[in-house]
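All of the numbers you see were taken from the coordinates with simple rules; none came from a lab. In this text the structure is predicted, and so the values were computed from the model without any measurement. Note that each Cβ is placed from the backbone with ideal geometry, even for glycine, and that neighbours are counted across all protein chains shown.
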Amino acid sequence: MNAITIQNLQKSYVPGVPVLKDFDFEIAEGEVHALVGSNGAGKSTLAKILTGLTPANSGNIDRHGRDESAIVLVLQELNIIPTLTIAENIYINALPRRFGVINQASLNHKAKQALGRVGLKNLDPSLPAGSLGVGQQQLIEIASALEKESSVLILDEPTAALTGPEIELLFDNVRALQKQGVAILYISHRMDEIARICDRVTVMRDGRRIATHQVSEVETTQLVAEMAGSEISSRTAAPSQQKEKITGISVSNLSGGEKVKNVSFDAYRGEILGIAGLIGAGRTETLRAIFGADPISGGEIRLGPEQIPFHPKSPSDSVAKKLALVPEDRKQDGLLLPLSITANTVLASNRSLLLDDAGDRNATVTTGERLALKYDSPDQAVGDLSGGNQQKVVISRWLLCESDIYLFDEPTRGVDVAAKESIYTLLDELVEANKTIILVSSDLTELMSISHRILVMSNGRITGEFEPETWSREAITAAAFAGYENRKETAA
Amino acid sequence: MNMKRFLTDYAPMFIIWVILILLFGSLSDNFLSSRTLSTIAGQVPPLVLVCCGMTLILIVAGIDLSVGSVLAFCATLFCLLISKGNWPVPIAGLAAIAAGGVFGLINGLVSVCFKVPSFIVTLGTLKIAFGLSLLISRSETITVGMKLENLISPLPVLGIPISFIVALCLVVIGQFILSKTIYGRHLIAIGTNESAVRLAGVATTWKKVSVFVVTGILAGLASIFFAARLGGANADLGNGFELSAIAAVVIGGTSLMGGRGSLINSFLGVLIILTLDAGLAQVGADEWVKHVITGMVIILAVLLDVMRGEMGNRLLQKYQQLRQK
């Protein structure tokens, strides 16, 4: 019998940009149903709609008499409150009380049992949850979900932070719940896990259901092909590979933090080197490490054809060496929103003693023209501009610096179509001017239409390099998932 | 600077100050006498100097609670060097300024390099400086008599003391640095979004440390004028001074969240606070009334400021909605 039946579901956060389109889906009692798809396919939105975190625009959701509270979601992002104890985190919605005061003894006793279910029976439930590692925090969240009287459990990338033995325990729990008739929706990038514990798998792409298979009857290659889609990208950037390859920057065995592991590549002048991969694959962290924004724990960076060694200690070192970073989150890391367009534009290039208001304004207007920046006055606050124009301000900052090596992190995210075109035009100009460009994007169609070469990162490593002649959506998507396979060997 | 900027930026504070003067002038016959005004003029310089530094610190989203007790320490040291050590006044003055700079350097290095909130670090140095003042003064008041008279007595031609001129010059220089130099622009930028400034390749560490050092130095300089006015110094003379300074700066519209502030408005904030104080005393208000009213003025000033910010945000949202359509 079905636990949930969905018919014709429609959802969009922004009018005109659908996240779920004509979506049909069903999950049965006692079934482990996998949901797979690339970034932005709509998996997390579906999970949020099922639990009532966000409403659907239209369509039918039949929960077969179940209350929304019987559908429990373990989010990909951790929701631990670090200052509370482990026990309090597990029972945050149902703390046992006596005379209006939390009954700590009963709470800890119950928590001890809940922890046992996820293999943490030796953990003291009265410790603050913040003292645990990420993997154990994830297990606490799972323990908390298991304690709830759920008939549908949604696990969104539950093994992202877990090691081999912890994954095994999770699977044991999943199987036990399955026997009790609980329906489990298992969202994951990891094909090997899906093959092991799931009954059926549904592939999503661009908000649609592409196919549903019995896991036992489908090959991974077919799933990857379905996730990638068959549309053929239309190249707009003419490949200029006839030119002599002059190195702009070469990175060898770069490591840093938890997300960058032994990354090596060369980027050439007059080339756009695209970096594809899933969210969390370490692409942003790689750019930040190269730019000196995060510490580097190993490896080398060399600049230019002369291969001059470069050890960035801070972004000011890299700016001095003509590097530029257009960050992923422009509001957090790029812009001074209350300050003027001029102040934002000249922020990196201005190195004299006194401000030159007239000169700065002129420079802002001139670079603004190159990007078709739309504004009322250069003295206007940047916060007043639209997302696309804000992004142009960040980019024009680096044009003013006459940077040579550009690191773009999701430059067209949240940017309207017209602004996208201006940014693409500018990229062409930079290529023409023989600049080195490294561009991270989660939009594969975009990457395939503007890059001269594409690297794929997966789980902190480079797992593929493609030239226009050899690339395909399937091959790139397969490489993006490659780093997450055989995890047990790497974890052991 | 054009007229429009002057009107929107400084005129409101100036008008409030003038209203206060006229109000107390009409309530008390003696208020507009030269004695009251020169009392205010005497109190202005030390507070203004400290407020110049405090404004810069608040702009980079820090705070300095130690200024009052650092000022007391510097003043005590200064008086000791003159009376017990027989040091010449200029040399003793330099020593006091240097001592203030050292405290500022400690505040800046510890809070910026070790990422300890400046609130905590300067709370610590507040106690340290106070303790050291007790130590060197042996808990006594050190008097210097009339040796420093010429620092605070009115100059023959201008009719105002040299201390006042120094304070005024520093306000003007400071405002120039803040609004006309790259360094000043970077301070505002750091207070607005430090992460973005760092990622634009701007060195932030030394700039943040520097505002604490400048504040320490200015507290040292202020201590000289303070000692000159009192004819001596003791460990207690800075009690509550940091709060007056923060109040004056906040009344002047500087944001505690960083990114916004003006030295000229801080100067006007000092005038308002001291005029209020002297005016209330002049009309015979009880001590408790003075405190209550000053407190209300501080809250009112910040409320007005918050409302101004909210209004700006609302307009911004409206504007963005219109753009999306």
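Side notes on the structure shown:
- Counting neighbouring Cβ atoms within 10 Å and putting the fewest first, the residues A:204, A:1 line up as A:1, A:204.
- Antiparallel bridge percentage (DSSP; both residues within the range A:247-491; nearest 5): 50 percent
- Shape box of the range B:57-100 [Cα atoms, principal axes, largest first, Å]: 41, 16, 9
- The range A:370-385 - phi-based ³J(HN,Hα) in whole Hz, Karplus 6.51/-1.76/1.60, Gly and Pro as x: 4, 10, 6, 5, 9, 7, 8, 8, x, 8, 5, 5, 4, x, 6, 7
- With the charge dipole of chain A set up from +1 on Lys and Arg Cβ and -1 on Asp and Glu Cβ about the Cα centre, the Cα lying farthest toward the positive end among the listed residues A:53, A:326, A:145 is that of A:145.
- Neighbour counts of C-beta atoms inside 10 Å place B:138, A:461, A:175 in the sequence B:138, A:175, A:461, starting with the fewest.
- Distance from the Cα centroid of the range A:281-297 to that of the range B:229-246 is 49 Å (rounded to whole angstrom).
- Over chain B, equivalent-ellipsoid semi-axes from the Cα gyration tensor in Å: 33, 27, 17
- Eligible aspartates and glutamates near residue B:290 by straight Cα distance, threshold 17 Å, same-chain separation 8 or greater: B:277
- Since only B:105, B:234, B:78 are under comparison, the one whose Cα sits farthest along the positive direction of the charge dipole of chain B, derived from C-beta charges on Lys, Arg, Asp and Glu, is B:105.
- Of the residues B:218, B:80, B:22, the one that moves most in a GNM of chain B with alpha-carbon contacts below 10 Å is B:22.
- For the range A:247-491: relative contact order, % (alpha-carbon pairs under 8 angstrom, 6 or more apart): 28 percent
- Close amide H partners of residue A:276, meaning residues 5 or more places away or on another chain with modelled amide H under 5 Å apart, are A:455, A:456, A:457.
- When only alpha carbons are used to place a centre, the range A:333-383 and the range B:142-188 end up 34 Å from one another.
- Note on the range B:42-238: lysine pairs with Cα distance below 27 Å, sequence gap of 8 or more or different chains, count 9.
- Over chain A, dividing the summed -39,500 (n - 2.57) contributions of all DSSP H runs of at least 4 residues by the number of residues returns a 222 nm mean residue ellipticity of -9500 deg cm²/dmol.
- DSSP bridge pairs, the range A:320-463: antiparallel proportion in percent, nearest 5: 25 percent
- In order through the range A:22-27: 3J(HN,Hα) via Karplus (6.51 cos²θ - 1.76 cosθ + 1.60), integer Hz, x for Gly, Pro: 6, 8, 10, 6, 8, 10
- Per-residue Cβ neighbour counts within 10 Å put A:166, A:467, B:194 in the sequence A:467, B:194, A:166, beginning with the fewest.
- For chain B, adding -39500 (n - 2.57) for each run of n ≥ 4 DSSP H residues and dividing by the number of residues yields -25500 deg cm²/dmol at 222 nm.
- Coarse-grained scattering of chain A at q = 0.07, 0.09 Å⁻¹, given as base-10 log I(q)/I(0) from a Debye sum over alpha-carbon atoms: -0.45, -0.73
- With the highest mean first, a sort of the peptides A:92-101, B:9-18 on other beta-carbon atoms found within 10 angstrom per residue produces B:9-18, A:92-101.
- Cα-centre dipole for the range A:247-491 with unit charges at Cβ (Lys and Arg positive, Asp and Glu negative), debye to 20: 500 debye
- Cross-link reach is defined here as a Cα-Cα straight distance under 21 Å, omitting same-chain residues fewer than 8 places apart; for residue A:435 the lysines meeting it are A:243, A:245, A:321, A:322, A:392, A:420.
- All Cα-Cα separations within the range A:247-491 were binned at 10 Å from zero, giving a P(r) of 7, 32, 35, 19, 5, 1, 0, each value a whole percent of the pairs.
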